[in-house]
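Enquirer: Sharing a structure, written as C-alpha cells. Questions coming.
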Amino acid sequence: MKSHLHLLNDYRRMNRLLNSGAVFCALDTETTGLKPAEDRIIEIGAVKFDKSGVLGTFSALVNPRILIPHFCQELTGITNKMVYGQKEFHELAGDFLSFLGEDSIIVAHNAQFDLRFVNAELERMNHAPLLNKAIDTLRFSRWAFPENGHWTLQHLASQFGIEVKSAHRATDDARVCMEVFFKCIEGSLDRQKSI
C-alpha cells in the first residue's frame, strides 16, 4: 500500500494555522492489532474542532469480521460481543468521510498508525485514500517538550492535567489528543520565546 500521508511538521507555524480559521479533526482508532494489511479497525472516534472549541464528534464501534485478540480486548475493553451486529467499516465510511470533510486537518497521536489503518480500510473498498493534511501530536509534543522523555498520550494527559475518561477508547483518546494539540501550541510558543 502506497503511503498518502501529508504530515505537517512546521511546528513554529501551528498557532498561525489555528488562528487562520482552519478546522481540525482529532482522530483515533482502536484495532485488532498493529498490521493494517492483516488487522482491522474495531472503533473509530473523531472530534472536529477549531480555535473556539469542539464543533462535533463522530464515534462508532466497527465489526471487523475477525475475532478481536484477547490482549486487544483487555487493552480497549472492546469485546467481540460489543462489535457483533455493528456496521462494518465500508458501511459507515460514508458517514465518517462526510464528518471528516476534505479540508479538515487531521490531528492524531502517532498519526501514521491511524491513517494507515483508515487508508487500508478505504483501499479494501476500492476507495481513494485520505488526502487530508495531518499533524502528529506525538512528533509535535517531542518538539514542543523535548525535555519530557515520555510522550505517550496518557503521559501527556497526566502531565497537563487533562482528564482521561476512557483510555484506549477512540473518541476519548481523540478528545485528549485535541487537548494535547492545544498544549503543544502553547509549548511551541513558549519555546519560540526562549530561542
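Bear in mind these aren't lab numbers, they're just calculated from the coordinates by the rules spelled out. Computed from a predicted structure; not experimentally measured. We place every Cβ from the backbone using ideal geometry, glycine too, and count neighbours over all the protein chains shown.
Enquirer: If packing is taken as the average count of other Cβ atoms within 10 Å, what order do 42-52, 59-69, 174-184 fall into, highest mean first?
Expert: Working: 42-52: 21.4, 59-69: 17.5, 174-184: 23.5.
Result, highest mean first: 174-184, 42-52, 59-69.
Enquirer: Taking the Cβ of Leu61 as the centre, find all other residues whose Cβ is under 15 Å away and add up their charges (Lys, Arg: +1; Asp, Glu: -1). Could you put the intermediate results ahead of the total?
Expert: Values: positive: Arg40, Arg65, Lys81, Lys87, Arg169; negative: Asp28, Glu30, Glu43, Glu88, Glu91, Asp95, Glu121, Asp172, Asp173.
Here the charged neighbours net out to -4.
Enquirer: May I ask for the angle, rounded to the nearest 10°, between helix 170-194 and the longest principal axis of the chain, with both axes built from Cα atoms and the value confined to 0 to 90°?
Expert: Around 20 degrees separate the two axes.
Enquirer: Here's something else I'd like to know. What is the calculated FRET efficiency for Leu189 to Ser98, with r their C-beta to C-beta distance and R₀ = 35 Å, to the nearest 0.05?
Expert: Values: r = 34 Å, r/R0 = 0.96.
According to the calculation, E is roughly 0.55.
Enquirer: Write down the Kirkwood hydrodynamic radius of the chain, to one decimal in angstroms, obtained as one divided by the mean of 1/r over all alpha carbon pairs.
Expert: Working: mean 1/r = 0.0587 Å⁻¹.
The Cα-based Kirkwood calculation yields 17.0 Å.
Enquirer: Taking neighbour counts of Cβ atoms within 10 Å as a proxy for exposure, in what order, fewest first, do Thr76, Thr57 appear?
Expert: On the way: Thr76 21, Thr57 16.
If I rank by nearby Cβ atoms, fewest first, I get Thr57, Thr76.
Enquirer: Quick one: Ser104, Ser98, fewest Cβ neighbours within 10 Å first, how do they rank?
Expert: With the fewest neighbours first, Ser104, Ser98 line up as Ser98, Ser104.
Enquirer: Additional query: Quick one: angle between helix 89-100 and the longest Cα principal axis of the chain, in degrees between 0 and 90, rounded to 10, please.
Expert: 20
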